Amino acid sequence: MKIHEHQGKELLRAEGVPVPLSKVAFTAQEAQAAAAELIEKTGSEVVVVKAQIHAGGRGKGRFKEHPDLGGVKVVKGADTAGEIAKQMLGSTLVTIQTGDEGKKVQRVLIEQGMDIAKELYLGATLDRASGRTTIMASTEGGTEIEEVAEHSPEKILKEAIDPAIGLGDFQARKLAYGLGLEGKTARAFTKFVAKVAHAYDQLDCSLLEINPLVITGDGQVLALDAKANFDDNALYRHPDVEALRDPDEEDAAELEAKKYDLSYVNLDGNIGCMVNGAGLAMATMDIIKHFGAEPANFLDVGGGATAERVTQAFKIITSDPNLEGILVNIFGGIMKCDTIAEGVLTAVKEVGLKVPLVVRLEGTNVQLGKKMIEESDLDVVTGDSLRDAAQKIVELVKAKK
């Protein structure tokens with residue numbers, strides 16, 4: 001699960017991480033009022049208007065409706081802030097992470113202007129190679145970290161955290177000195193990174209990224225941005241974080257799948273997949289690509305799915321406008337093949353079948369499941385093996401073009 005920058009900063013503030021003064025706004029009038037409030041508090045006319053979407057690269061991005069306007073704009077005065085917010089709200093921002101379609105901006109963050117002396121990068125994530133939470137830091141703040149990793153990997157400092165003792169003071173100091181920080185600024189940074197590491201752990205994040213982390217002219221260390229992703233499996237421990245979910249920023253089909261405990265990820269291909277088991281789902285997508293097509297989704301209905309869940313899964317798959325074919329691949333262990341057949345047939349009757357459908361069943365009650373499909377009056381093709389089923393669906397899709 002992802003959240004907006006302003007929400008991430010509120011969570012960081014609650015954990016004691018220093019962040020600039022700011023306020024979210026949903027209308028131009030709210031933005032103007034927020035800017036006036038910040039100007040009164042800080043005594044400075046400079047404020048920043050920041051588009052809020054679930055994507056990075058906003059500063060370098062451009063609005064489709066306003067090609068000269070980026071997603072982050074430094075302005076002077078409350079009236080100007082209101083005018084810029086008016087242009088951003090309701091407009092589509094295209095960044096390196098959104099793709100050409102972009103994302104519509106429905107909220108903006110009004111933030112105090114900062115006297116920035118230096119920009120750094122700081123992030124915390126799980127390093128699956130070591131199995132430990134790892135703190136990353138770089139002098140290349142404000143730059144896409146992927147670019148730094150590709151072109152200048154030596155500029156990324158890493159410290160793995162021992163889960164038994166947490167981030168050591170010596171590790172925080174090592175990062176500070178590695179970034180070229182000294183004296184008061186180095187001490188402020190070590191406290192800052194310790195709080196970020198604690199926030200990552202306490203909030204069950206999968207990623208906590210501050211880019212840029214800024215050093216101000218008077219030596220303060222602040223989080224100028226905040227990107228926080230969370231482990232979905234741990235959200236039951238954080239109802240306050242779960243409440244921050246923005247449905248407008250998430251795929252509608254993926255949200256619907258969550259209601260039925262389905263593991264679903266929308267992809268860019270044309271052949272929908274319904275499989276039980278993550279490993280089998282990956283193998284199914286691989287063999288579809290092997291035969292020259294692209295999977296439209298990852299969908300694991302789970303080992304104990306009911307006919308209702310299967311029906312809903314089928315409906316979610318068929319809601320994809322790019323869908324040209326469907327492959328159902330089920331190995332019945334806990335999941336019974338007749339349950340899958342019942343769910344698929346019910347769904348086809350309810351939503352109709354406008355694309356080719358191939359079903360491959362194997363395992364518990366497989367003969368009963370195949371009999372149910374064969375005796376139905378629906379145009380459903382069966383596959384004898386995964387290879388046979390994948391080849392059939394790809395050929396059927398190609399034949400319709």
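The values are calculated or read from the model by the stated rules, or taken from the named source; none is laboratory data. Everything quoted here is computed from the prediction, not taken from an experiment. Note: ideal-geometry Cβ built from the backbone for every residue, glycine included; neighbour counts use all protein chains shown.
Numbers at a glance
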quantity: Glu101 vs. criteria acidic (Asp, Glu) and either within 28 Å of Lys50 (Cα to Cα) or free of Cβ contacts under 8 Å to residues at least 12 places away in the same chain (or both); calculated: yes
quantity: Top-ranked residue in segment 329-345 [being of a type in the set (Gly, Ala, Ser) and under 18 Å from Gly383 (Cβ atoms); ranked as surrounded by the fewest Cβ atoms within 10 Å (Cβ to Cβ)]; calculated: Gly332
quantity: Selection from segment 93-102 of residues that are crowded, with 18+ Cβ neighbours inside 10 Å and either closer than 10 Å to Lys64 by Cα or more than 15 Å from the chain's Cα centre (by Cα) (or both); calculated: Leu93, Val94, Gly102
quantity: Residue within segment 213-228 that is of a type in the set (S, T, N, Q), in a strand (DSSP E or B) and assigned by TED's automatic domain parsing to the domain that holds Met335 present; calculated: no
quantity: Within segment 355-401, tally of residues that are free of Cβ contacts under 8 Å to residues at least 24 places away in the same chain and either of a type in the set (A, V, I, L, M) or in contact with a Ser or Thr (Cβ under 8 Å, 6 or more places away or on another chain) (or both); calculated: 2
quantity: Strands (runs of 3 or more DSSP E) lying entirely in segment 236-322 (those with 1 or more residues that are farther than 23 Å from Gly352 by Cα and aromatic (Phe, Trp, Tyr)); calculated: none
quantity: Selected residue (only one of Asp231, Asp240 is surrounded by fewer than 19 Cβ atoms within 10 Å (Cβ to Cβ) and touching an Asp or Glu at 6+ places or on another chain (Cβ under 7 Å)); calculated: Asp231
quantity: Sole exception among (1) surrounded by fewer than 20 Cβ atoms within 10 Å (Cβ to Cβ); (2) not in a helix (DSSP H, G or I) for Ile326, by number; calculated: (1)
quantity: Contacts under 7 angstrom Cβ, first residue in segment 72-85 being among the acidic types (Asp, Glu), partner in a helix (DSSP H, G or I), 6 or more apart; calculated: Asp79/Gln32
